[in-house]
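Visitor: Sharing a structure below in structure tokens format, with a few things to ask.
The values are calculated or read from the model by the stated rules, or taken from the named source; none is laboratory data. Since the structure is predicted, the reported quantities are computational estimates derived from the model, not experimental observations. Here Cβ is always computed from backbone atoms with ideal geometry, including for glycine, and neighbour counts include all displayed protein chains. Note: areas computed on protein heavy atoms with side chains; ligands, DNA, RNA excluded. Shrake-Rupley method; radii C 1.70, N 1.55, O 1.52, S 1.80 Å.
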Amino acid sequence: MRRSVEDAEHTRLSLCEAALMAFEEKGWRGATFEAISEQAGVTRGALHHHFRHKATLLRDALAWGWGEYADRLFPSEVTPDAATGLARLLSEYVRLLSADPLFRALASSTVLVAPQAFDDASEKGAGLDVWHARLSELIAADTSVTTALPPAQIAGLALVLLQGLTVTAVTRPQDLPQSPHLESAVAALVRGLIS
């Protein structure tokens, strides 16, 4: 019995991964259950066994994906200051967008697909609300940040930047900052956000 539970969980995670890739490639309407099951290499019946509704699949795929990447983007060690934390986040985000197709699919599904999929406005931005809170806390904890903007507004601008980077990764990836200029580009962006 234990083996079948493990197999089912493996299939479920494979479906989440395939769904993100299909949502990025085909969009909300084009990523049908047939396209997703084909991407995952399972039958449509197997997909329906795990997910009855496409919105549930998207919700679970996003939750799984952000759980997989959370530690890389928001490491548990304390950053010495807001500028370092923001620079680390932006640099890693751009690196992942450029080099990791699954991350790019996760980010683009969050920014471009989820708003089409969910009727409830709070559900559309739930993941971004968590990021907003984490960024606000990071900025508010740094007493050296002296700006006319409150931490919540700086966090909002950082989210706008992340969403813009995501759209750029999908539409014009060559415009993303790359090595050897990535760190200096990120430093300039962070200075603009918190000074």
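Visitor: Can you pull the one-decimal nm distance between simple spin-label points at residue 10 and residue 195, each 7 Å off the Cα toward Cβ?
Guide: 5.3
Visitor: Quick one: which residues, 5 or more positions from residue 178 or on another chain, have an amide H under 5 Å from its amide H? H modelled 1.01 Å from N in the peptide plane, none for Pro or chain starts.
Guide: none
Visitor: Follow-up. State the percent of C-alpha pairs, over all pairs in the range 120-177, separated by a distance greater than 19 angstrom.
Guide: Taking all Cα-Cα pairs of the range 120-177, the fraction more than 19 Å apart is 42 percent.
Visitor: Let me ask another. Helix hunt in the chain: which complete DSSP H runs extend at least 24 Å axially by C-alpha with mean Kyte-Doolittle at least 0.0?
Guide: Helices meeting the span and hydropathy rule in the chain are 82-99, 151-171.
Visitor: Might you report the magnitude of the Cβ-based charge dipole of the range 55-194 about its Cα centre, with Lys and Arg at +1 and Asp and Glu at -1, to the nearest 20 debye?
Guide: On the way: 9 positive and 15 negative charges, 72 e Å.
Dipole magnitude for the range 55-194 comes out near 340 debye.
Visitor: Kindly provide the helix-only [θ] at 222 nm of the chain, computed as the sum of -39,500 (n - 2.57) over DSSP H runs of four or more divided by all residues, to the nearest 500 deg cm²/dmol?
Guide: -24500 deg cm²/dmol
Visitor: Let me know the Kirkwood hydrodynamic radius for the range 1-81, please, with Cα pairs as the basis and the value in Å to one decimal.
Guide: 13.7
Visitor: Now a separate question. Could you give the nm distance between label points at residue 78 and residue 53, where each point is 7 Å from its Cα heading toward the beta carbon?
Guide: So the label points at residue 78 and residue 53 sit 4.3 nm apart.
Visitor: Could you compute how much accessible surface residue 130 exposes when probed at 1.4 Å, giving the result in Å² to the nearest 10?
Guide: 80
Visitor: Okay, next question. Quick one: ranking 51, 74 by accessible area, 1.4 Å probe, largest first, what do you get?
Guide: From most accessible down to least: 74, 51.
Visitor: Okay, next question. Based on C-alpha coordinates, I'd like the Rg and Dmax of the range 80-195, in Å.
Guide: 14.4, 42
Visitor: Let me ask something else about it. Step through the residues of the range 110-125 one at a time and calculate ³J(HN,Hα) from phi using the Karplus curve (6.51 cos²θ - 1.76 cosθ + 1.60, θ = phi - 60°), rounding each to whole Hz and writing x for Gly and Pro.
Guide: 5, 7, 9, 9, 3, x, 7, 7, 9, 7, 6, 4, 5, 6, 4, x
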